[in-house]
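The values are calculated or read from the model by the stated rules, or taken from the named source; none is laboratory data. What you see is a predicted model, and the numbers here were worked out from it, not measured in a lab. With ideal geometry, Cβ positions are generated from the backbone for all residues, glycine too; neighbour counts draw on all protein chains shown. Heavy atoms of the whole protein, side chains included, go into the accessibility calculation; ligands, DNA and RNA do not. Shrake-Rupley method; radii C 1.70, N 1.55, O 1.52, S 1.80 Å.
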Amino acid sequence: MSATARKTAPLPDDIRARKGGEPLVSLTAYTTPMAQMMDEHCDFVLVGDSVGMVLHGLPSTLGVTMEMMIMHGQAVARGLRQAMMVIDMPFGSYEESPQQAFRNAARLMAETGAGAVKLEGGTHMAETIAFLVARGIPVMAHVGLTPQSINTLGGYKVQGRDDAGAALMADAQAVTEAGAFAVVLEKVPANLADQITAEVDIPTIGIGASAGCDGQILVVDDMLGLFTAFKAKFVKRYAELGKEGEASIARYAREVRTRSFPGPEHIFADQAPGKG
Ligand code: KIV
């Protein structure tokens, strides 16, 4: 965030207006304490459906439900005062029809207080995005590697290489024309991300894309070293909290077994101090 601290959460239009300016900062969050930690530093916080993998141990994001998103969305909302909250629409909650998408997006926003929803897909989701935007639901789009389509994409591969670049550019243009206020570009070659950023007039938010994007997002558990099942090339570890946490738990276990925890400072006397 810039030196002038914000007091109120930006609106989707404020995020859109940051196109070409100071890079937008974003992380995912799933809990109140994490949201509190990042509130001052992020322009927007995404309640990502990555919650299924990083907090619930699911093998992909496909098993994430509306109820899970709402519960984590409510937790994150309690921790935010100045960053905007965007919430992911889970797999199966929007693909069937614009009407289904509206019903579920409205529920996510009403029950969590999110300022916008994010959904995956380019050209084929443009009609749905336009339908939502026309009915008061700000939409962040997500193109490139779209993890909810992992079974048709055939793995977590870089998208838009070689001939596929034109289709990805068309996806970004389609969601822009449909009225999305920003678009996440996941796992696309840096040159293509730069071309898309130059071409579309909404902010591009990179994850495994390019430093030239209008903003960046990472999964918070990845960048803090809390999610260690695998590490994508695009993840930079800013801390190793998982390792530190495990070492601390091992120390606690040793101290319990040797009766060195609890120590005198952690236990209570028969009488309160000063009572004779
Ligand atoms: O669910 C998520 O965390 C996401 C980000 C990776 C963009 O969609």
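Tabulated data
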item	result
Residue with peak Gaussian network fluctuation, the chain [Cα springs, cutoff 10 Å], from Leu218, Leu80, Leu226	Leu226
The chain, accessible area per residue, ligands and nucleic acids excluded (1.4 Å, Å²)	50 Å²
Förster-model FRET efficiency, 35 Å R0, Met71 and Lys233, C-beta, rounded to 0.05	0.65
Cα-based equivalent ellipsoid, segment 8-65: semi-axes from gyration tensor eigenvalues, Å	26, 14, 9
Candidate residues Phe234, Phe268: accessible-area rank, largest first, probe 1.4 Å	Phe268, Phe234
Pairs of lysines in the chain (C-alpha under 28 Å apart; 8 or more residues apart or interchain)	23
Per-pair calculated FRET efficiency, R0 = 30 Å: Ile249 and Arg81 via Cβ, rounded to 0.05	0.40
Virtual spin-label span in nm between His266 and Arg135, 7 Å along Cα→Cβ	5.4 nm
Amide H contacts under 5 Å for Leu145, placed H, 5+ residues apart	Gln159, Glu186, Lys187
Selected from Val256, Val188, Val200 as most flexible by GNM, with the chain as the system and alpha-carbon contacts under 10 Å	Val256
Length-normalised contact order for the chain - Cα pairs under 8 Å, 6+ apart - percent	16 percent
Potential lengthening between Ala110 and Tyr156 on full extension [0.36 nm per residue; Cα-Cα distance subtracted]	13.3 nm
Expected 222 nm ellipticity per residue - DSSP helices of 4 or more, -39500 (n - 2.57), all of the chain, to 500	-11000 deg cm²/dmol
Angstrom value of the Kirkwood radius, inverse mean 1/r, which spans all Cα pairs in segment 80-160	13.2 Å
Length released on extending from Asn191 to Glu22, taking residue separation times 0.36 nm less the Cα-Cα span	58.8 nm
GNM flexibility winner over the chain from Arg18, Arg78, Arg251 (Cα, springs under 10 Å)	Arg251
Projected area, mean over directions - the chain, Cα convex hull, nm²	18.7 nm²
Calculated Rg and Dmax of segment 46-203 using C-alpha coordinates, Å	15.1, 45
